[in-house]
Amino acid sequence: MGRSRQVVGMKAARPSRRDVLQAGAAGALALGATPLAADAPQPSPALAEAIARLRYLTPPDAFREFGREKPRVDSLPPEKLREVGLHRETWRLEVVPDPESNAQVANPLSRERGTALDWAGLMRLAETRAVRFLAVLTCTNIADPLGMGLWEGVPLRDVIWLARPTGNVRRVFYWGYHNDDPKQRFVSSLSINRVLEDPPGELPVILCYKLNGQWLSPKAGGPVRLVAPGVYGNKWVKWLQHVVLTNNYQANDTYALWNNDVESPMKTQARFISPPARAKAGQPLAIVGLVQVGVSGVREVQVSLQREDAPQAADDPYLEKADWQPAQILPPPSDWGGGLPGGKLPDLPLQFDPSTGRPRSWPLRYTIAHWAVLLPAPPAGRYYLRCRAIDSQGAAQPMPRPFPKSGNNTIHQVTLVVEG
Ligand SMILES: Nc1nc2c(c(=O)[nH]1)N[C@H]1C(S)=C(S)[C@@H](COP(=O)(O)O)O[C@H]1N2
Ligand SMILES: [Mo]
C-alpha cells in the first residue's frame, strides 16, 4: 500500500502550519487547540518543513478509490452514466418497503409509481436541510484512511420521512448502481434508529452530493453517495439509487458475508505519513503522522524508536513496555487544503461553533488530526520506528478492540536505518 500512505494530507506544497511552530505555545493556544507542551522540542527546519507539507483535506481526485464493480462505474462513458441514472438529470432514488418483510410505508418513492426522488427534489430539500461536516473515509481492512473530506448532503431521514413509514421498520438497507448484475450488488445497512436520531455530538447519516465544495464525481460515488460518519467505508455506498425499509433485524450487508464486523464504530489509530526509511547519525528525526480519531477520541499520540536487536519484552504483544515518547497533536490548520478555494471552508461544518467560526473541540471525532515530533539523533543502527494513539479513556492502540475484523488499528511499525 505504498500509495495510500501518501494520500491523507500529503499533497500540495504550500506552507500551512509553519505558523504553529514559529509561534510556539502561544500560537497554538491562540488557535484554541492542544497547547504545545512547555518542554516541546524547539522548532527545527526539518520538522517545520515536514509540517508545512501536510494537507488536511484530501483533494477529491486524490482519494483512494476502489469499487468492485466491473467494469468500474467511474470508467463508463458519459452517455452510459446518463442512461443508467448516474447523471444529475437522470438520477432517481427509490425509498420502498422490503417486499420480503411487513414494513409499512404509506408513500413509497418508487420508479414504478413515478414518485422516486429526483435531483430537483433533492435540491429542494437541500435548500432548507443541507448540512456539511468533516469526516474521514476509512476502510475496515486498509491501514491508512482513504481520504479526509468535507461532505455536504441532506440527512437520509428527511428523505425517509417523505416516504412516510408508519411501522414495522427496524433497518434500512441500500445499494447503488452495479452494472445491472445482481452478483455485483454491494448492499449495506443501518439501524433505523441510527438514521432517525443523532445523539448530541453525533453527525447525521446523509445523502451526500458534494465533497470539498465540489459536486461528487463518478469516481467519488456521485451524483449521490451515502455518507455515514463514524463508521467504516463499507457503509458509504457509492452511486446510491435504492433505499429499502425493512422489518428484518439483521445487518444484511454484503461486507458481512465477506467476514467483516459491519457494526463496528470507527477505531482510533495513529499512522505515520512518509516516515523516513534512512537517516544520518547525529541528525534529529523529524516525524509526522496522522491520527484517525474514532469513537473514543484521542488523548495522546506516542512514538517509539527501538533498536532491531534490542531484546523484546516477554508477554507484551501490544508493546506496552516499549519506550513511548509523546508527539504533539497539531491544531486545526489555517489552510484546509483539499482543493478548496484559498484553503477556506466554504460553509461552517456542523462541528464548528458559529459564534467563533472554530471547531467546538479538537481533535474532532471521526476526522483526522496531524501530529509531529522531533526525536533526538539516534546512533547508527537498524531501528523499529512505531507510533500509537491513546484514546480519551486511556486505552493504548490496538486496545480496547484489537481484532482486525472490526477495523485496522495495529501499531504502525516501520524500519529505519541510521547510517554512521
Ligand atoms: N457501490 C459500491 N459502494 C461501495 C463499495 C463498493 O464496492 N461498491 N465499497 C465500499 C467500501 S468497502 C469502502 S471502504 C468504500 C471505499 O470508498 P472509495 O472507493 O470512495 O474510496 O466504499 C464503499 N462503497
Ligand atoms: Mo472497505
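Key figures
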item: Whether segment 257-318 is rounded, prolate or oblate, judged on the alpha carbon gyration tensor where a/c under 1.5 counts as rounded; result: prolate
item: Backbone HN-Hα couplings from phi across segment 367-383 [Karplus 6.51/-1.76/1.60, Hz, Gly and Pro as x]; result: 10, 10, 9, 8, 9, 8, 7, 10, 8, x, 4, x, x, 4, x, 9, 10
item: Candidate lysines - alpha carbon under 24 Å from LYS321, same-chain residues fewer than 8 apart omitted; result: LYS267
item: Cα-based shape type of segment 293-413, given that a ≥ b ≥ c are square roots of the gyration tensor eigenvalues and the cut on a/c is 1.5; result: prolate
item: For segment 74-113, convex hull of alpha carbons as volume per residue, Å³; result: 98
item: Column: log10 I(q)/I(0), Debye, Cα scatterers of segment 178-230, q = 0.18, 0.31 Å⁻¹; result: -0.76, -1.15
item: Square roots of 5 times each gyration tensor eigenvalue, C-alpha, the chain, largest first, Å; result: 41, 23, 19
item: Calculated diffusion of segment 123-249, Stokes-Einstein form, Kirkwood radius summed over Cα pairs, 25 °C and 0.890 mPa s, µm²/s; result: 163
item: Angle in degrees between helix 119-129 and the longest Cα principal axis of the chain, rounded to the nearest 10; result: 60
item: Farthest toward positive dipole pole in the chain [+1 Lys/Arg, -1 Asp/Glu at C-beta], among SER188, ASN212, ASN248; result: ASN212
item: Sequence ranges 242-250, 104-112, 189-197, 297-305, ranked by mean other-Cβ count within 10 angstrom, highest first; result: 297-305, 242-250, 189-197, 104-112
item: Cut-off under 5 Å, modelled amide H: who pairs with VAL298 long-range; result: SER392
item: Most fluctuating residue given options GLY147, GLY381, GLY213, as computed from a GNM of the chain linking Cα atoms under 10 Å; result: GLY381
item: Range of Cα positions in segment 66-161 per principal axis (Å), largest first; result: 43, 32, 31
item: Computed [θ] at 222 nm, helices only, for the chain once each DSSP H run of length n ≥ 4 contributes -39500 (n - 2.57); result: -3500 deg cm²/dmol
item: Whichever lysines have a C-alpha closer than 24 Å to that of LYS70, once near sequence neighbours (fewer than 8 apart) are set aside; result: LYS80, LYS183, LYS219, LYS235, LYS238
item: Nonlocal amide H pairs with PHE352, under 5 Å, H built at 1.01 Å; result: ARG360
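Taken together, the values in this text are just the output of simple stated rules run on the coordinates, not laboratory data. Keep in mind it's a predicted model, so treat the numbers as computed, not measured. Positions of Cβ are backbone-derived with ideal geometry, glycine not excepted, and every protein chain shown enters the neighbour counts.
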